[in-house]
Amino acid sequence: MKKIQSINLMSKFSLFDEKWTPKIVAELNQQHVKLCKLQNNFVWHTHDHEDELFMIIKGTLYIDIKNNETITLNAGELVVIPKGTEHRPRTNGEVEL
């Protein structure tokens, strides 16, 4: 049996500086738990087969939705973007999620 260990998120964030490059820190039920640092704008995109969860640890993330809606997320907040929803994450500084 694999040893059960806690994961220190701040320690994991300190190991990388790359932006828009998710790092897998855990797996459960055939899904990955990823950490990522973001800065500036990402591209408009859609996930056809899975929902996408954004949970903010540090900073403010804006998610533009194709219907002219913008969701603002601050540290301690999360949102689930349903599959098939065209969206674009963007920041006004570094964000950790």
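The values are calculated or read from the model by the stated rules, or taken from the named source; none is laboratory data. Quick caveat: nothing in here was measured; it's all calculated off a predicted structure. Cβ: placed from backbone, ideal geometry, glycine included. Neighbour counts: every protein chain shown. Only protein heavy atoms, including side chains, enter the accessible area calculation; ligands, DNA and RNA are left aside. Shrake-Rupley method; radii C 1.70, N 1.55, O 1.52, S 1.80 Å.
Overview of values
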item	result
Residue with peak Gaussian network fluctuation, the chain [Cα springs, cutoff 10 Å], from His87, His45, His32	His32
Sequence-distant lysines (8 or more away, or on other chains) whose Cα lies within less than 16 Å of Lys3	none
Residue among Glu86, Glu52, Glu27 with the largest mean-square fluctuation in a Gaussian network model of the chain, springs linking Cα atoms under 10 Å	Glu27
Backbone HN-Hα couplings from phi across region 51-61 [Karplus 6.51/-1.76/1.60, Hz, Gly and Pro as x]	6, 10, 9, 10, 10, 8, 9, 8, x, 10, 10
Calculated over the chain: convex hull of Cα atoms, volume per residue (Å³)	106
Dipole magnitude (debye, nearest 20) for region 16-87, charges at Cβ of Lys, Arg, Asp, Glu	240
Surface share of carbon and sulfur [accessible, 1.4 angstrom probe, percent] for the chain	49
Amide H partners (placed H, <5 Å) of Lys34, local residues excluded	Val25
Residues of the chain: accessible area per residue with a 1.4 Å probe, Å²	70
Hypothetical label at Lys34: residues of region 55-95 whose amide nitrogen lies under 18 Å (7 Å Cα-Cβ projection)	55-58, 61-64, 78-91, 95
